[in-house]
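Here is the structure we will look at.
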Amino acid sequence: MQRTLSIIKPDGVRKQVIGRVVSMFEEKGIRVVGIKMLCLTKEKAMGFYRVHKDRPFFDSLTTFMSSGPVVAMVLEGEDVIDRVRDIMGATDPKKAAGGTIRNMYASDIEKNIVHGSDSPESAAAEIPYFFSEMEMG
Ligand code: CMP
């Protein structure tokens, strides 16, 4: 059994697709073991995306991520890291396969509705960034 960190980004909350995104994970048998709404400060967003700090989109991405509430989730299941990434679709919604979350709801490569950890190492760092043991079922 594996865990991953997913975030419904400010565009997903604004578009009122929280329930639809959570359903797309649950319908595939993925379990929500932690969930909360948060308003990230610019600093908290910068810390979360620190691996991208040298990318040209870092400032814009962290401004966007701190522009409104997000929903952070810990998801659990077999092979859940890769399965969540498949359900989300490609980072760039123009390249995301039909039926994926980003294909259906995202508008551009930055405002792409949802985040998911990209590896077991990322998940191990990202889950405790938002959740304590007590906050996970
Ligand atoms: P996410 O899966 O949260 O991981 C890093 C984020 O950076 C990504 O989703 C996008 O929101 C953003 N991102 C990645 N590539 C680009 C890019 N070329 N231009 C703007 N934003 C990007």
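A 20 angstrom limit on the alpha carbon distance is what I want to check against. Which of LYS44/LYS111; LYS9/LYS94; LYS36/LYS95 exceed it? Pairs exceeding the cut-off: LYS36/LYS95.
Cross-link partners for LYS15 among the aspartates and glutamates, with Cα-Cα distance under 16 Å and sequence neighbours closer than 8 places in the same chain left out: ASP108, GLU110. Accessible area per residue for the chain is 52 Å², calculated with a 1.4 Å probe on protein heavy atoms, without ligands, DNA or RNA.
Roughly speaking, what is the stretch gain from TYR49 to ALA90, that is 0.36 nm per residue apart minus the C-alpha to C-alpha distance, in nm to one decimal?
Values: separation 41, 0.36 × 41 = 14.76 nm, distance 1.80 nm.
Contour length minus the Cα-Cα distance gives 13.0 nm.
Figure legend: label point modelled 7 angstrom from the Cα of GLU76 along Cα→Cβ; residues of segment 109-129 with amide N under 15 Å from it are 127-128. Obtain the radius of gyration and the Kirkwood radius of the chain from its C-alpha atoms and give Rg over Rh. Taking Rg over the Kirkwood Rh, I get 0.93. For segment 59-66, putting each phi into the Karplus relation 6.51 cos²θ - 1.76 cosθ + 1.60 with θ = phi - 60° gives couplings of 5, 5, 4, 6, 5, 4, 5, 9 Hz, in residue order, rounded to whole numbers and with x for Gly and Pro. Its Cα centre serving as origin, segment 2-135 has a Cβ charge dipole (Lys and Arg +1, Asp and Glu -1) of approximately 480 debye.
The values are calculated or read from the model by the stated rules, or taken from the named source; none is laboratory data. Being a predicted model, the structure only gives us computed values, none of them experimental. FYI the Cβ positions are ideal-geometry reconstructions off the backbone, even for glycines, and counts take in every protein chain you see. Ligands, DNA and RNA are stripped out before the accessible areas are found, and what is left, the full protein with its side chains, is counted by its heavy atoms. Shrake-Rupley method; radii C 1.70, N 1.55, O 1.52, S 1.80 Å.
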